[in-house]
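The next block holds one structure in the form of structure tokens; read it before the comments.
The values are calculated or read from the model by the stated rules, or taken from the named source; none is laboratory data. Because the structure is predicted, anything quoted here is derived from the model rather than measured. Cβ coordinates were reconstructed from backbone atoms using ideal geometry, including for glycine residues, and neighbour counts include every protein chain displayed. Side chains are part of the model used for accessible areas, which takes the heavy atoms of the whole protein and leaves out ligands, DNA and RNA. Shrake-Rupley method; radii C 1.70, N 1.55, O 1.52, S 1.80 Å.
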Amino acid sequence: SQKIEQNSEALNIQEGKTATLTCNYTNYSPAYLQWYRQDPGRGPVFLLLIRENEKEKRKERLKVTFDTTLKQSLFHITASQPADSATYLCALFNQAGTALIFGKGTTLSVSS
Amino acid sequence: DTGVSQDPRHKITKRGQNVTFRCDPISEHNRLYWYRQTLGQGPEFLTYFQNEAQLEKSRLLSDRFSAERPKGSFSTLEIQRTEQGDSAMYLCASSANPVMYSGNTIYFGEGSWLTVV
């Protein structure tokens, strides 16, 4: 069955450092992969989408890589700030393209 | 800008009661999704509509759950005979069509919290 794995342990880093979050998937051949941010008690908010033919995508301090051979995406936040503290979710469409399937998310905590 | 709105935001109900949540998607979006999320988990897909047609339902959507989108606009999710295990945040989302290969994103509402006591 299709499965998405994110590091379920919280990631704690100091302000100014680079945070790197990992998303691994199995039994998928996704056309693209998405990353969302979720703050406590709020709905997920779309951050970035990367297509299968793109190796890397950047948006401001965010960078996403997509390795379809390894079946892995890495999500980087450079020069991290306390305001970046949130849960970050990786998501892929199911094979039928009818539902976005999410990983459990990784909670990032940036301390000043 | 009117994003996806959900109502009520919070609901506390006694076990065995019925509850209904409403979702108003972004107006030009013809796809609408319902998800459930519990603490420490990612959103879990429940069902999706394209216009007024309910095209897919997850195995998570037991017989006590029913969703409608009567005119292809707003949607309701009803839970009958609630159980404590139904306590969760119910998220609604919408998107334009097509989605999968066009890269159109899905926009979520703020969720409706359900607590069954």
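How much of the DSSP beta bridge set in chain B is antiparallel, as a percent to the nearest 5?
Close to 90 percent.
Counting only other chains, what is the mean number of Cβ atoms within 10 angstrom of the Cβ of each residue in peptide A:94-104? Please report the intermediate quantities before stating the final value.
Values: counts 3, 1, 3, 4, 10, 11, 12, 4, 7, 3, 4.
What the average comes to for A:94-104 is 6.
Which GluC sites (Glu not before Pro) in segment A:1-101 pass both tests, a DSSP loop state and at most 10 other beta-carbon atoms within 10 Å?
Working: sites: A:E5, A:E9, A:E15, A:E52, A:E54, A:E56, A:E60; in loops: A:E9, A:E15, A:E52, A:E54, A:E60.
Here the GluC sites (Glu not before Pro) that fit, given the DSSP loop and packing criteria, are A:E9, A:E60.
For segment B:15-51, list whatever residues lose no less than 10 Å² of accessible surface once every protein chain is in place, relative to that chain by itself, with the probe at 1.4 Å.
At a threshold of 10 Å² (probe 1.4 Å), the residues of segment B:15-51 that become less exposed are B:R31, B:Y33, B:Y35, B:Q37, B:G40, B:Q41, B:G42, B:P43, B:F45, B:Y48.
Dipole size in debye (nearest 20) for chain A around its Cα centre, Lys and Arg Cβ +1, Asp and Glu Cβ -1? Don't skip to the end; give the middle numbers.
On the way: 13 positive and 10 negative charges, 31 e Å.
Using Cβ point charges on Lys, Arg, Asp and Glu, chain A gives about 160 debye.
Under 5 Å between amide hydrogens, which residues at least 5 positions from A:L11 or on another chain qualify, with H placed 1.01 Å from N in the peptide plane?
A:T107, A:L108, A:S109
So what is the accessible area of the protein assembly as shown per residue, in Å², with the probe set to 1.4 Å?
Values: 11370 Å² over 229 residues.
Heavy-atom SASA per residue in the protein assembly as shown reads 50 Å².
Please give every one of the lysines within straight-line cross-link reach of A:K63, meaning a C-alpha to C-alpha distance under 24 Å, and leave out same-chain neighbours fewer than 8 residues apart.
Those lysines meeting the cut-off are A:K3, A:K17, A:K55, A:K71, A:K104.
How large, in Å, is the protein assembly as shown by the Kirkwood hydrodynamic radius built from its alpha-carbon pairs?
18.2 Å
Looking only at the protein assembly as shown, where both bridge partners belong to it, what percent of the DSSP beta bridges are antiparallel (to the nearest 5)?
Values: 71 of 79 bridges.
For the protein assembly as shown, the DSSP antiparallel bridge percentage is about 90.
Answer with one residue from B:P70, B:Q17, B:W113: the one whose Cα lies farthest towards the positive end of the charge dipole of chain B, charges on Cβ with Lys, Arg +1 and Asp, Glu -1.
Highest projection toward the positive end goes to B:Q17.
So, with a 1.4 angstrom probe, what is the percent of accessible area on the protein assembly as shown that is carbon and sulfur? Mind dumping the intermediate values first?
Details: 5140 of 11370 Å².
Taking all protein chains in place, the protein assembly as shown shows 45 percent carbon and sulfur surface.
On a full-extension model of 0.36 nm per residue, what is the gain between A:T20 and A:E54, subtracting their alpha-carbon distance, rounded to one decimal in nm?
Details: separation 34, 0.36 × 34 = 12.24 nm, distance 1.86 nm.
Value of the extension gain: 10.4 nm.
Using only protein heavy atoms and a 1.4 Å probe, how much accessible area in total is buried between A and B, to the nearest 100 Å²? Provide the component values of the computation, followed by the final result.
Details: alone 6420 and 6870 Å², together 11370 Å².
The contact between B and A buries close to 1900 Å².
Given 0.36 nm per residue, what is the gain on full extension from B:Q80 to B:T38 after removing their alpha carbon distance, in nm?
On the way: separation 42, 0.36 × 42 = 15.12 nm, distance 1.89 nm.
That pair, B:Q80 and B:T38, stretches by 13.2 nm at full extension.
Quick one: in chain A, what % of C-alpha pairs are over 21 Å apart? Walk me through the numbers before you get to the answer.
Details: 1944 of 6216 pairs.
When all Cα pairs of chain A are counted, 31 percent exceed 21 Å.
Which listed residue (A:A79, A:G105, A:Y36) has the Cα farthest towards the positive end of the charge dipole for chain A, taking +1 on Lys and Arg C-beta and -1 on Asp and Glu C-beta about the Cα centre?
Of the listed residues, the answer is A:Y36.
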